[in-house]
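Worksheet: one structure, shown below.
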Amino acid sequence: ASSGLEAFPEFVAVGMVDGVQMLHFDSFSKKTVLKQDWMEQLTRDHPSYLERSNELSRGSQQAFKDNIWTLK
């Protein structure tokens with residue numbers, strides 16, 4: 001996470017399994033990007049997964065912003 005850097009997203013979430021990146025979310029795109037073919041299959045089998053992931057990441061982003069504000 002960052003604060004005050006315009007060229008860098010203020011929030012980034014990365015999902016990892018066994019050292020392999022499986023998804024990415026950042027405050028610029030505001031959406032989860034799948035990084036593995038097996039994650040694409042998962043979302044075909046469970047279409048609500050991607051939206052839940054987006055909601056969780058947006059919630060984490062807001063919590064991060066609130067925590068940074070409190071620390072300042």
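Counting each pair of different Cα atoms once, what's the Kirkwood radius of the chain in Å, rounded to one decimal? Numbers along the way, then the final one.
Details: mean 1/r = 0.0760 Å⁻¹.
By the Kirkwood definition, the hydrodynamic radius is 13.2 Å.
At 1.4 Å probe size, put H46, H24 in order of accessible surface, largest to smallest. Don't jump to the answer; show the numbers that get you there.
Values: H46 100, H24 45 Å².
These residues rank, largest area first, as H46, H24.
For the chain, the longest principal axis of the alpha carbon atoms and the long axis of helix 48-71 meet at an angle near 20°. Shown for the chain: the carbon plus sulfur share of the solvent-accessible area, taken with all protein chains present and a 1.4 angstrom probe, equals 55%. To the nearest µm²/s, what D does Stokes-Einstein give for segment 11-50 at 25 °C and 0.890 mPa s, using the Kirkwood radius over alpha carbon pairs as Rh? Answer from the Stokes-Einstein relation: 232 µm²/s.
The values are calculated or read from the model by the stated rules, or taken from the named source; none is laboratory data. Note that the coordinates shown come from a computational prediction; the quantities given were computed from them, not determined experimentally. Side chains included, ligands, DNA and RNA excluded: accessible areas come from the protein's heavy atoms. Shrake-Rupley method; radii C 1.70, N 1.55, O 1.52, S 1.80 Å.
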